[in-house]
Structure formats: structure tokens, C-alpha cells
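Chemist: Can you read through this structure? Questions will come right after.
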Amino acid sequence: MALKIGADAPAFELKNVDGNTVSLESLKDGASALAIVFSCNHCPYVLAWEDRLIQIARDYAGEGVRFALINANDPVKYPADSFPQMQSRAQLKSYPFPYLHDETQEVARAYGAERTPEVFLFDASGKLVYHGAPDDNYDNPLNVKKYYLREALDAVLAGGTPPVAETPPVGCTIKWK
């Protein structure tokens, strides 16, 4: 079961595609908000939203918002989601955020993540304020009517609460071991 709105972000230390370890604490330190997105390389929903997530991260970086992608998929079942493939994907797309490998799948379980992409947005105090899909149209960015993640970020940065706190995550299921 996914974290409930108002829950604290579960701590983690995971290997980034650059080989360094990244912790929740290092991401939260001084951040005005933190978006943790469970992701992967092969899912068509991830691929559809990927450029939008990259753009959101870039658009809000100057306001102290941090992002991290976490891949928890079983690379034995899905070789496209292996660590070397994660490294290639991050380099190909010039990710402006860490892309972390949840090899044991413990972090995905702690967050209650079930899909890719699945967004967990935390405020500066580390409380969950939004959970769900990036927006309301994975298929066509020109047909988006509700920008859930952007609207949640705008609200948090203004000191308020997101107009929508939760939406159903849309995407592929996490590939469990």
C-alpha cells in the first residue's frame, strides 16, 4: 500500500548511475520540495512522460526543487532495466537528476510504489503532499488538461497545499523479483 498523504519520506541509500551513493537525506538537505519518481527504462508510459519530467525538473531546479528517479525493476526479467542500461539511458537523455538503482526493491516496498512512473512529492519538511501521475495525459502532451505535478509544486512553493493530493498512478507495474 502506497504512503498516505502527510507521511514521512522513507529513508534510503541507493547507488546512482554515476557510481556514487545517494541518500534521502542528501536529497532533502536544503530542498524546498523533493520529487521521488519510480521509473525504469522500458515502460512505454515512462518513455511517454520522460521528457516532461526532465523539463519539470529543469524548470523548478532554480526554486530548490530536487528530483530523483528510482528503478526497482528486476533486471533478470527485464534486461533493459539493468544498471548498465540505466547508465546509458541517463547519459542519452542528459538526466538533470540522480537515477538510482533499488536492487533489493526494499525502497519501492517502503514507499508502496506499484507503477512506473509513479510520483511521490514531499514538501521541505519531508511530508508527502502529492502522489500519483505526472499529469492527466501520458499519450499526448498537447492534450494535457491537468498538470498534477506542476500544480502541486506551485502550491508547495507558495506555502500551500496541492489542489489535488492524489491521483491514480498510470503506467507499467513494477517488475518484482
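The values are calculated or read from the model by the stated rules, or taken from the named source; none is laboratory data. Everything numeric here is computed off the predicted structure, so don't read it as measured data. With ideal geometry, Cβ positions are generated from the backbone for all residues, glycine too; neighbour counts draw on all protein chains shown.
Chemist: Here is a check on your reading of the model: is ARG52 within 16 Å of the chain's Cα centre (by Cα), assigned to a helix (DSSP H, G or I) and more than 18 Å from HIS131 (Cβ to Cβ)? So that I can check it myself, show each step before the final result.
Modeler: Values: within 16 Å of the chain's Cα centre (by Cα): yes; assigned to a helix (DSSP H, G or I): yes; more than 18 Å from HIS131 (Cβ to Cβ): no.
So ARG52 fails the test.
Chemist: For region 70-176, which helices (runs of 4 or more DSSP H) that fit wholly inside it have 2 or more residues that are under 26 Å from ASP18 (Cα atoms) and at pLDDT 95 or above?
Modeler: By residue number, 83-92, 106-111.
Chemist: Scan VAL22, VAL37 and give me the residue that is more than 14 Å from LYS127 (Cα to Cα), assigned to a strand (DSSP E or B) and out of contact with any helix residue (DSSP H, G or I) (no Cβ under 9 Å at 6 or more places or on another chain).
Modeler: Just one listed residue meets the conditions, VAL22.
Chemist: Related question: Could you grab me the full set of residues in region 110-148 that are surrounded by fewer than 16 Cβ atoms within 10 Å (Cβ to Cβ) and of a type in the set (D, E, K, R)?
Modeler: LYS127, ASP136, ASP139, LYS145, LYS146
Chemist: If LEU92 satisfies all but one of (1) surrounded by fewer than 21 Cβ atoms within 10 Å (Cβ to Cβ); (2) under 23 Å from GLY30 (Cβ atoms); (3) not aromatic (Phe, Trp, Tyr), what's the number of the condition it fails?
Modeler: All conditions are met except number (2).
Chemist: I need a count of the residues in region 153-174 that are without any contact (Cβ under 8 Å) to a residue 40 or more places away in the chain and either crowded, with 20+ Cβ neighbours inside 10 Å or over 30 Å from ASN73 (Cβ atoms) (or both).
Modeler: Residues that pass the stated criteria total 7.
Table: residues versus (1) surrounded by fewer than 17 Cβ atoms within 10 Å (Cβ to Cβ); (2) among the basic types (Lys, Arg); (3) touching a residue at least 40 places away in the same chain (Cβ under 8 Å).
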{"residue": "GLU25", "(1), (2), (3)": "yes, no, no"}
{"residue": "ALA33", "(1), (2), (3)": "no, no, yes"}
{"residue": "CYS40", "(1), (2), (3)": "no, no, yes"}
{"residue": "TRP49", "(1), (2), (3)": "no, no, yes"}
{"residue": "ARG52", "(1), (2), (3)": "no, yes, yes"}
{"residue": "ARG58", "(1), (2), (3)": "yes, yes, no"}
{"residue": "PHE67", "(1), (2), (3)": "no, no, no"}
{"residue": "PRO75", "(1), (2), (3)": "no, no, no"}
{"residue": "PHE83", "(1), (2), (3)": "yes, no, yes"}
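Chemist: Next up: All but one of (1) touching an Asp or Glu at 6+ places or on another chain (Cβ under 9 Å); (2) at pLDDT 95 or above hold for ALA2, so report the exception by its number.
Modeler: (2)
Chemist: Being hydroxyl-bearing (Ser, Thr, Tyr) and within 13 Å of PHE67 (Cα to Cα) is the filter here, so list the residues in region 1-53 that pass it.
Modeler: Hits for region 1-53 are SER23, SER26, SER32, SER39.
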